[in-house]
1. Per the 1.4 Å probe, what fraction of the accessible area of the chain, in percent, lies on carbon and sulfur atoms?
2. How long is the gain from Ile215 to Ser22 if the chain were fully straight, where each residue apart is worth 0.36 nm and the alpha carbon distance is subtracted?
3. Starting from the Cα-Cα distance between Gln86 and Thr191, subtract it from 0.36 nm times their residue separation and give me the gain in nm to one decimal.
4. Could you compute the net charge surrounding Asp158? Neighbours are other residues with a C-beta less than 13 Å from the C-beta of Asp158; K and R count +1, D and E count -1.
5. Compute the separation of the alpha-carbon centres of segment 152-193 and segment 3-39 and state it in Å as a whole number.
6. Rounded, prolate or oblate, given the Cα gyration tensor of segment 25-87, with a/c below 1.5 counting as rounded?
7. Give me the one-decimal nm value for the distance between modelled label points at Asp160 and Ala183, 7 Å along each residue's Cα-to-Cβ direction.
8. Among Leu50, Gly100, Ser66, whose Cα lies farthest out toward the positive end of the dipole of segment 1-114, if unit charges sit on the beta carbon of Lys, Arg (+1) and Asp, Glu (-1)?
Amino acid sequence: MMGHYEEDEQATKEGYDRWAPSYDDRDPSTWLDEPFLLTHLQPFPGCRILDVGCGTGRYIRQLTPSAYRIIAIDLSRNMLARTRQQTGGRTDVCLVQASGSLLPFQPGSFDRLMSGLVIDHMASVQGLISEMSAVLTIQGRAVLAAIHPEMQRLTGRDIDIRSRDTEAIHIPGHIHEVDQLLAAARDAAMTVVAMDEPLVTTSMVEQYPRWKSKIGRPALLLLALEKRDRGRPT
């Protein structure tokens, strides 16, 4: 019998498998996290990059083809298929079906890590960030984006997709407070290099009028973290 965490993960996998064909990865929140990623990831030629929860490959598409060695993981096989389709079969990208809660890589395997909108699906943010820290080299960087907890309280922590043509999709979510995320980073020997809590703007609402009630609210929590040597003081 599966425990509660395993049931949540299975529901997330099945939900994204069903949502993948129609998933829209160009909503206005991308205006907020993609510039932050490009500013703070700072990869170098030959850099080993892990994309945790790659979805449609949105972050990968921001990176120069063939300049890096990228492994992208996702729970959902159908989301990985979207990544393959939308990255044009890039030979510098290896796709792996795996969970962020148990990363299947040796310690210190990556120089950089990026992850967009995964934290909200994880029951244990401490476990997730600990896993991320473990697979990074010392001074390796992680750039993370999460739905801001204030926004989750406004819109609901779970994702519910309803359509006339298909059965409703339900994907469970979890609210993690900003202080919890920062504490989890500290516990995993990760130093905060940059942090932002960008707000929903009127220009976003012009594109997505249904976001009108969100104007002025923090949309995302963006973090750039660097792994430190536990033997050295911060």
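1. Working: 5790 of 11690 Å².
Whole-percent figure for carbon plus sulfur exposure: 50.
2. 66.9 nm
3. Extra length available between Gln86 and Thr191 comes to 34.5 nm.
4. Combined, the nearby Lys, Arg, Asp and Glu give 0.
5. 10 Å
6. oblate
7. 3.1 nm
8. Of the listed residues, the answer is Ser66.
The values are calculated or read from the model by the stated rules, or taken from the named source; none is laboratory data. All values derive from a computational prediction rather than experimental measurement. For neighbour counting, all protein chains shown are included, and Cβ atoms are generated from backbone atoms with ideal geometry for every residue, glycine included. Side chains included, ligands, DNA and RNA excluded: accessible areas come from the protein's heavy atoms. Shrake-Rupley method; radii C 1.70, N 1.55, O 1.52, S 1.80 Å.
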